[in-house]
Amino acid sequence: MEKKKAFILWFKELGIEDVPLVGGKNASLGEMYRNLTKKGVNIPNGFAVTATAYRFFLKKARIEEKIKEILSDLDTHDLRNLTDRGRKVRELILDSEIPEELEKEIREAYKKLSKEYNTPETDVAVRSSATAEDLPDASFAGQQETYLNVKGEHALIEDCKKCFASLFTNRAISYRVDKGFDHFKIALSIGIQKMVRSDLASSGVMFSIDTESGFKDAVLINAAYGLGENIVQGSVNPDQFYVFKPTLKKGFRPIISKKLGAKQVKMVYSHIGEKSATKNVDVSEAFRQKFCINDNEILTLAKWAAIIEDHYSGKAGKFKPMDMEWAKDGRSNKLYIVQARPETVQSQKNVKILEKYELKEKGKIVVAGLSIGDKIGQGKAHIIHSVRDIEHFNKGGVLVTEMTDPDWEPIMKSAAAIVTNRGGKTCHAAIVARELGIPCVVGTGDGTEKVKNGQKVTVSCADGSQGFVYDALLKFQIKKTNLSKLKKPKTKIMMNLGNPDQAFELSFIPNDGIGLARQEFIISSYIKVHPLALLHFDKIRDENTKQAILKATRGYHDKKLEFFFIDKLAEGVATLAAAFYPNDVIVRLSDFKSNEYANLIGGEEFEPKEENPMLGWRGASRYYSEKYKEAFALECKALKKARDDMGLTNIKVMVPFCRTVEEGKKVIGEMSKHGLKRHKNGLELYVMCEIPSNVILGDEFSRIFDGFSIGTNDLTQLTLGLDRDSALVSHIYDENNPAVKILVADIIKTARKNKRKIGICGDAPSSNSEFARFLVKCGIDSMSLTPDAILKTIIAVSKEEKRLRK
């Protein structure tokens, strides 16, 4: 029988060209089953009940005219009208009988599938897949129903009927009206696929692109215990992982970020006799404190994501990032891909236009969570606890709720912003907000309690991975820059950056890499614990401090606590390096002062009290000290892990506050002990030029380091003999002082003579265009600037280079 007339088509018979017959979901499963199982990607087998079968059902049951009659006075803007019409159509379908010849074919196919898996009545997932014959690219994601753990022929037939009826859910009707689609040109196919027993293990969602920034070289994986519906619906805050594709393909293990989710509940199979086929149960505290998949499984999933993306990109003849669902079988411990579809938001973005939302005033934070998108929205908060109350929502308000599902979509499109208590980056609220282009903060925990009904709020997703809900309507601005008109100067323009959460987003600003990657932000925000407190946990006397350390190091209590420091620092640095790969990322070793180290958890027990920490035990002097070098070893191990295990050899290492050449040699010796050997695996070592001795002994420093980066903040204070933290002498502080500029010009000349790289990472060129022009005249190789100063400095430097050429 030719495909167009068939009621049943097996996955092995389907390809992506069959979307009009079986919908995107089934066509994609067939495409992967046929082409990617031989590449090692596991796909559970199954079959599709075709759109032809759906039309045959309507015709045989003689209900199409009745449906048209019910919908004749449909008004989707009137929620009561929509609800009433939708219910009547669904009841009409559910009360109709599936034609005998169609039912027979479904039963026969199910028996065949059960036999393949050696089970009399195998468990299957029954998924709706809408399609439009003349609109093969239309997306109907999330519009229809899914039924899990379906067993037996009778239950399967009933759920097939429910799937047919789900073509007329309120949200599906509303969606088609909004898109201008004819209800009767849309058909429904059903995918019947062997269940993966993820109720006994874990499952999740993954994207082959970063969903917030559009950074194309990372795979994002969300994971939670049990069946996958909870992640899709946003019922749980999942574990989150990022894997870097370019070095993954070279055989490295680049898991550049791992964040533990709360995973409070899991969806499992119900017992025989219970009303529903699935139910949610609580997850024990011990399992919540662990990642639900291991590193090898994370890497396998990421490899599959890359294989799937490459396959679909090859078919399309262009880059096609993918949105996938995966599951782990708790009986076989095997991983499977159970769905894949094209990502439809970031892949459509115009990367030539840089759009930046910025708050113009500070506000009081009411609640925080994960940011979705990078925009700002505001309005009156409207707290809605149940989908039954959505008709009361006012257009332009800020929707605040526990979580959303597709039934909320009729009001989501009219919200200025969305805030949810639960959910991760791939939950329903996040996906819809991205498609609609509105800011959304998910996983706040207690947004419905902290935000008051009717309160005027500003929802900001403009500050990296964390989103904030502020009290009041704050002023903000939108800056747009056409990057295609920007001319690249000869002088390298790099970026100062320490926050890995901003790395993917900021990588779209024109740049030549990171000239100063500060480790201090990673240590104070991600790690929070003093390294010596991790190494000598048993020596800590204060019980509160011990409890704080145990809380910070969740998931590491069954191994040495120092691995927490190594892993988290490696992940933070790796995220920065991945975002700007293959450009250089110059990572400065930690440069906390003793008073700043003391502020870390457990720090007071290991830090001295110094009269002037700015000029005390900081930078290089710590790394070889008997009192600190075992802690410095952890930094070295983290950097080695990011370079050697993850393949991020674009990481260069920079030594701060190195007072003497002898001190530099000692630090290089300590680094070498822990596997960071200069020029091994392309490793370059730089030194901060921030002390007059670095300039005066520039030739000697050039013999042991590969380059310099001028730090104008410290160089200015030490040249002029002042404390830059003292307000009493702040009027004297000036990097444009001739003495400072003479030293800057001198070290540039010395570096060039010795064929050493020379850049600057101090604030001077970021805040002063005149100083940037001075650096160009001196012949500096690179300038590393704060992100907000890059575009204006590119213009200033280009003009100066043009002037000097004349």
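The values are calculated or read from the model by the stated rules, or taken from the named source; none is laboratory data. Given the structure is predicted, the values throughout are model-derived calculations rather than measurements. Every residue, glycine among them, receives a Cβ derived from its backbone with ideal geometry; neighbour counts consider all protein chains shown. What goes into the accessible areas is simple: the full protein's heavy atoms, side chains included, and nothing from ligands, DNA or RNA. Shrake-Rupley method; radii C 1.70, N 1.55, O 1.52, S 1.80 Å.
In deg cm²/dmol and to the nearest 500, what is the mean residue ellipticity at 222 nm of the chain if only DSSP H runs of at least 4 residues count, each as -39500 (n - 2.57), divided by the residue total?
On the way: 29 runs with 281 residues, N = 806.
That calculation yields -10000 deg cm²/dmol at 222 nm.
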- Item | Rounded Å value of the spacing that divides the Cα centres of the range 347-398 and the range 478-506 | 25
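Can you compute the equivalent ellipsoid semi-axes for the range 46-128, i.e. the square root of 5 times each eigenvalue of the Cα gyration tensor, sorted largest first and rounded to whole Å? Write down the numbers at each step before the final one.
Working: eigenvalues 217, 47, 18 Å².
Semi-axes from the Cα gyration tensor: 33, 15, 9 Å.
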- Item | Alpha carbon centroid spacing (whole Å) that separates the range 69-99 from the range 212-270 | 38
- Query: What accessible area per residue, rounded to a whole number of Å², is obtained for the chain using a probe radius of 1.4 Å?
  - Reply: 42
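Provide the packing ranking of 697-707, 357-367, i.e. peptides ordered by the mean count of other C-beta atoms within 10 Å per residue, highest first. Before the final figure, lay out each step's value.
Values: 697-707: 19.0, 357-367: 14.1.
Sorting 697-707, 357-367 by mean packing, highest first, produces 697-707, 357-367.
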- Message: Quick check on packing: order 166-174, 118-126, 599-607 by the mean number of other C-beta atoms within 10 Å, highest mean leading.
- Response: 166-174, 599-607, 118-126
- Item | Loop-located chymotrypsin sites (Phe, Trp or Tyr not before Pro) in the range 256-309, at most 16 other Cβ atoms within 10 Å (DSSP) | none
- Message: Could you work out the relative contact order of the range 650-806? I mean the mean sequence separation of Cα pairs under 8 Å and 6+ apart, divided by the number of residues, in percent.
- Response: 18
- Query: In the range 428-535, which trypsin sites (Lys or Arg not before Pro) fall in coil by DSSP and have 15 or fewer other Cβ atoms within 10 Å?
  - Reply: K452, K475, K487, K490
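Going by average Cβ neighbours within 10 Å, how do the peptides 774-783, 438-447 rank, with the highest at the top? If you can, show how the numbers build up before the last one.
Details: 774-783: 20.8, 438-447: 24.0.
Those peptides, ordered most packed to least, come out 438-447, 774-783.
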- Item | Antiparallel DSSP beta bridges within the chain, percent to nearest 5 | 65
- Query: Looking at F476, I747, I493, which one has the Cα that reaches farthest to the positive end of the dipole of the chain (charges on Cβ: Lys, Arg +1; Asp, Glu -1)?
  - Reply: I747
- Query: Remind me, relative contact order of the chain in percent, using alpha carbon pairs under 8 angstrom and six or more residues apart?
  - Reply: 9
- Note on the structure: Sorted list, accessible surface of protein heavy atoms, 1.4 Å probe, largest first, for R80, R55, R341 is R80, R55, R341
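Rounded to the nearest 20 Debye, what is the dipole magnitude of the range 334-378 about its Cα centre when Lys and Arg each give +1 and Asp and Glu each give -1 at the C-beta? Write out the running numbers ahead of the final one.
Details: 9 positive and 5 negative charges, 13 e Å.
That gives the range 334-378 a dipole magnitude of about 60 debye.
To the nearest 20 Debye, how big is the dipole of the chain about its Cα centre, given +1 on the beta carbon of each Lys and Arg and -1 on that of each Asp and Glu?
On the way: 126 positive and 108 negative charges, 473 e Å.
The dipole of the chain has a size of about 2280 debye.
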- Taking all protein chains as present, what is the carbon and sulfur share of the accessible area of the range 217-284, in % to the nearest whole number, probe 1.4 Å? 53
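Roughly speaking, to the nearest percent, how much of the range 386-542's 1.4 Å accessible area is carbon and sulfur? Present the calculation step by step, with values, prior to reporting the outcome.
On the way: 2960 of 6330 Å².
Exposed carbon and sulfur together represent 47 percent of the surface.
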- If one compares the long axis through the Cα atoms of helix 19-35 with the longest principal axis of the Cα atoms of the chain, the angle in degrees, nearest 10, works out at 60
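Using only alpha carbon pairs under 8 Å that are at least six residues apart, calculate the relative contact order of the range 165-288 and give it in whole percent.
On the way: 199 pairs, mean separation 20.5, N = 124.
Result for the range 165-288 is 17 percent.
Where nothing but the Cβ of Lys and Arg (+1) and of Asp and Glu (-1) is charged, how large is the charge dipole of the range 346-423 around its Cα centre, in debye to the nearest 20?
Computed about the Cα centre, the dipole is about 400 debye.
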- Item | R87 accessible area, assembled protein chains, probe 1.4 Å, Å² | 100
- Message: How large a share of the accessible area of the range 675-806, in percent, is made up of carbon and sulfur atoms when the probe is 1.4 Å and the other protein chains stay in place?
- Response: 52
